[in-house]
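The values are calculated or read from the model by the stated rules, or taken from the named source; none is laboratory data. Just so you know, these numbers come straight off a predicted model, no measurement behind them. Side chains included, ligands, DNA and RNA excluded: accessible areas come from the protein's heavy atoms. Shrake-Rupley method; radii C 1.70, N 1.55, O 1.52, S 1.80 Å.
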Amino acid sequence: MAAKAGMGIVEILSLAASVSLLAGWRLYLCVFATGLAMRSGWIELPTHLDALTALADPWVISVALIGLIAEFFADKVAWLDSAWDAVHSFVRPLGGALLALAIVDAQDPVWQVLAFLLGGGGALLSHGAKSSARAVVNTSPEPVSNVVVSTGEDIVTGGMLALALANPVFALIVALVALGFAIILLIYARRAVRALLRIRDKVFRA
């Protein structure tokens, strides 16, 4: 496992975990930021997985920027955001897995598989939490809540990603906070769905 710009193993794993978890919320932002970090030398380019050096390619960064802008606006429109989430149910976990794989850049195939699985699993967890919570928010009749929640996600994800990249010492904290937040969202979505089903049953029985 190669050190990244003076980082130790703990910092590398923490950064990979935080980026992959955040990719479940804003994949294109994570790809864009990681590509810029690699291109600027803040994160070293992968040496054992040459194909992943493409993350620092100007074309990949530009496409990620376009995706970032498209996601920013699509995520503000009720039900369009859920459709966007549905389309990205496979893309985000795969993207999170590849980002973790590129950041860890392990020489040992066992570590490569572990980084891929944990990165993909983390992104899938946070994506599931986000899409479930947003589907519940979309049941609200007024449109403001959707914009407020989406903007909050933008600010939180961008801030946590910036913190993780700027100070890898705190990347572990970011990963734990992101993980805890995803679990809380899943619990909230589960309870909200149950409440909606109870209301529906009462309406049908009336």
Given a 1.4 Å probe, how much area per residue of the chain is accessible, in Å²?
50 Å²
log₁₀ of I(q)/I(0) at q = 0.14, 0.16, 0.17 Å⁻¹ - the chain, Debye sum with one point per alpha carbon
-0.77, -0.97, -1.08
Tell me the Kirkwood radius of the range 107-181: reciprocal of the mean inverse pair distance over distinct alpha-carbon atoms, in Å.
14.3 Å
Beyond 19 Å, how much of the Cα-Cα pair distribution for the range 20-98 remains, as a whole percent?
36 percent
On the accessible surface of the chain, probed at 1.4 Å with all protein chains in place, carbon and sulfur together account for a percent value of 76 percent
Chain lengthening between Val144 and Ile173 when straightened (0.36 nm per residue, less Cα-Cα):
7.3 nm
Helix 91-104 vs. the chain, principal-axis angle (Cα, 0 to 90°, nearest 10):
30 degrees
Along the principal axes of its C-alpha atoms, what lengths does the range 12-61 span, in descending order and rounded to whole Å?
24, 23, 18
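Semi-axes of the equivalent ellipsoid of the range 41-85: what are they in whole Å, largest first, if each equals the square root of 5 times a C-alpha gyration tensor eigenvalue?
Values: eigenvalues 182, 23, 14 Å².
Each semi-axis is the square root of five times an eigenvalue, giving 30, 11, 8 Å.
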Helix 9-23 versus the longest principal axis of the chain: what angle, 0 to 90°, nearest 10, using Cα atoms?
40 degrees
